[in-house]
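Asker: Below is the structure I would like to discuss, written out as structure tokens.
The values are calculated or read from the model by the stated rules, or taken from the named source; none is laboratory data. This is a predicted model, so every value here is computed, not measured. Cβ sites come from the backbone with ideal geometry, for glycine too, and all protein chains shown count toward neighbours. Calculation scope for accessible area: heavy atoms of the full protein, side chains included, ligands and nucleic acids excluded. Shrake-Rupley method; radii C 1.70, N 1.55, O 1.52, S 1.80 Å.
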Amino acid sequence: MFRLKTIPSLAMLMLVTTSLSAPALSQEQQPGKDTEVIMAQPTWDTGWFYTEIYRQLLSELGYSVSSVLTLDNPAFYQSVGYGDVTLWVDGWFPIHNPYKDAIEGTAEIIGSVVSGGAIEGYLVDKASAESLSITSLDDFKRDDVKAAFDRDGDGKADLVACPPGWGCELVIEHHMNSYELNDHVNLIKAGYPAAMADAVASYESGSPILFYTWTPNWTVNELVPGEDVVWINVPEVNLPDNLAELTDAAIRDGVEGCVSDPCVLGFPANSIDAVVNKAFLDDNPAVRSLLENGEIPIADVYAQNAAMNAGDDDVVGQAAAWISENRELVDTWLTAARAAAQ
């Protein structure tokens, strides 16, 4: 069963445990000695694993990174531009393109943190998709479909969407307008973990569910595409103006568990990149090198997300274990970072 996580508000920034110790090393081995790094992580916990991996690697380079702030997208992009926050490794591009204006000239995007990219889209429980012949969002204009997915009695199908401030919220709102679905679909914009916990409980009780998700995410481990749920198409790719040139990237071949191949997801495939304050980056070539060379396999993120959802909350320990298991590779990144600082 999915466990509801408590996400701190901006007023109560989350402090991540950071008591890792390292042997005394020379300045050459620790180019970041006496330099503070203020990392941020997003409110969705699926990104906390690779945040912690990079926090520990920065610590090995001597940087002081004792705390990680949990921030919404707008707060992070504003803060990294001002220099109040140094970086995060959870920039989703192109979905975060609307925030680029906020960091123009003050922060830099370095990719990619997670290999293999990521996809987004809409899913329906498989049983309902088959029994009601649902293949597209457009099917939610049908009265029989709306009635099946209407959990609050307002005459509309309920869709677990994105909370305000998330990049996906803008695209979903655009879809609702473009496909003329506002009179047919009710967007649930409450905290995503709580809304999805409720959706999973409904699914387990046999009720139809419709939700948005992304990968990597615990949802695709809890509700497996092709087994429990299916990705459905949008009527046609229709993106906001700032993403319009990415139309081709919103159609993906070989999506496991999709109702068709290719799958018309309606969201461009994303890369997961670091976003770093430019002044800090210019002064710290070791950090630039680490971010340019490091890359976490998406399969490893899936595995950690599944473990976390199953009850293992030790993200610090999981990250340390990953570093230990991949020490030979990690050491090549650290060696390059130290060389860049000379």
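Asker: Short version: ³J(HN,Hα) in whole Hz for each residue of segment 277-284, in order, from phi by Karplus 6.51 cos²θ - 1.76 cosθ + 1.60 (θ = phi - 60°), x for Gly and Pro, what are they?
Answerer: 4, 5, 4, 5, 4, 5, 8, 9
Asker: For Asp158, which sequence-distant residues (separation of 5 or more, or a different chain) have an amide H within less than 5 Å of its own amide H, given hydrogens modelled in the peptide plane?
Answerer: The list, which skips near neighbours in sequence, is Asp150, Arg151, Asn186.
Asker: What does the charge dipole of segment 218-263 about its Cα centre add up to, to the nearest 20 debye, if the Cβ of each Lys and Arg holds +1 and the Cβ of each Asp and Glu holds -1?
Answerer: Working: 1 positive and 10 negative charges, 9 e Å.
Value, rounded to 20: 40 debye.
Asker: Moving on. Give me the number: length gained by fully extending Ala303 to Glu236, i.e. 0.36 nm times residue separation minus the C-alpha to C-alpha distance, one decimal in nm. Can you show the working numbers first?
Answerer: On the way: separation 67, 0.36 × 67 = 24.12 nm, distance 3.26 nm.
Stretched out fully, the Ala303 to Glu236 stretch lengthens by 20.9 nm.
Asker: Counting Lys and Arg as +1 and Asp and Glu as -1, each charge on the Cβ, what is the dipole of the chain about the Cα centre in debye, to the nearest 20? All intermediate terms of the calculation are to be shown ahead of the outcome.
Answerer: Details: 17 positive and 51 negative charges, 129 e Å.
Rounded to the nearest 20 debye, it is 620 debye.
Asker: Only Lys, Arg, Asp and Glu count, each charged at its Cβ (+1, +1, -1, -1), so figure out the dipole size of segment 91-196 about its Cα centre, rounded to 20 debye. It would help to have the intermediate numbers written out before the result.
Answerer: Values: 8 positive and 18 negative charges, 40 e Å.
That gives segment 91-196 a dipole magnitude of about 200 debye.
Asker: Can you list the HN-Hα couplings for segment 259-275, worked out from phi with the Karplus curve (6.51, -1.76, 1.60; θ = phi - 60°), rounded to whole Hz and with x for Gly and Pro?
Answerer: With coefficients 6.51, -1.76 and 1.60, one gets 6, 8, 9, x, 9, 8, 5, x, 10, x, 4, 10, 9, 9, 10, 7, 10 Hz.
Asker: With a Förster radius of 45 Å, plug the Cβ-Cβ distance of Asp34 and Asp248 into 1/(1 + (r/R0)^6) and report the FRET value to the nearest 0.05.
Answerer: The formula returns an efficiency of 0.40 here.
Asker: Could you give the accessible area per residue of the chain, probe 1.4 Å, as a whole number in Å²? It would help to have the intermediate numbers written out before the result.
Answerer: Details: 13880 Å² over 342 residues.
Here the residues of the chain average 41 Å² of exposed surface.
Asker: Provide the per-residue ³J(HN,Hα) series for segment 160-173, in order, calculated from phi with Karplus coefficients 6.51, -1.76, 1.60 and θ = phi - 60°, each as a whole number of Hz, with x at glycine and proline positions.
Answerer: 5, 10, 10, x, x, x, 7, x, 5, 4, 5, 5, 4, 4
Asker: Another question, if that's okay. Which of the peptides 51-57, 180-186 is most tightly packed, and how do the rest follow, judged by the mean count of other Cβ atoms within 10 Å per residue?
Answerer: Highest-to-lowest ranking by the protection proxy: 51-57, 180-186.
Asker: Another question, if that's okay. Whenever you get a sec, compute what percent of the accessible area on the chain sits on carbon and sulfur atoms (1.4 Å probe). Intermediate values should be presented prior to the final figure.
Answerer: Values: 6790 of 13880 Å².
Roughly 49 percent, rounded to a whole number.
Asker: May I pose another question? Count the net charge of all other residues whose Cβ sits under 11 Å from the Cβ of Glu180, scoring Lys and Arg as +1 and Asp and Glu as -1. Walk me through the intermediate numbers first.
Answerer: On the way: positive: Lys141; negative: Asp138, Asp183.
Local net charge: -1.
Asker: Give me the number: length gained by fully extending Thr135 to Ile109, i.e. 0.36 nm times residue separation minus the C-alpha to C-alpha distance, one decimal in nm.
Answerer: Numbers: separation 26, 0.36 × 26 = 9.36 nm, distance 3.63 nm.
Difference between extended and current length: 5.7 nm.
Asker: Let me ask something else about it. Considering Cα pairs under 8 angstrom that are at least six residues apart, work out the relative contact order of the chain and quote it in whole percent.
Answerer: 25
Asker: Which FRET efficiency value, to the nearest 0.05, is calculated for Asn326 and Asn97 with the Förster distance at 25 angstrom and r the Cβ-Cβ distance? If you can, show how the numbers build up before the last one.
Answerer: Numbers: r = 31 Å, r/R0 = 1.25.
After rounding, the FRET efficiency stands at 0.20.
Asker: May I pose another question? For Ser178 and Ser205 in one chain, what is 0.36 nm times their gap in residues minus the Cα-Cα distance, to one decimal in nm? It would help to have the intermediate numbers written out before the result.
Answerer: Values: separation 27, 0.36 × 27 = 9.72 nm, distance 3.30 nm.
Extending this stretch completely gives an extra 6.4 nm.
Asker: Under 19 Å Cα-Cα from Lys278, which lysines qualify once same-chain neighbours fewer than 8 residues away are excluded?
Answerer: Correct list for Lys278: Lys100.
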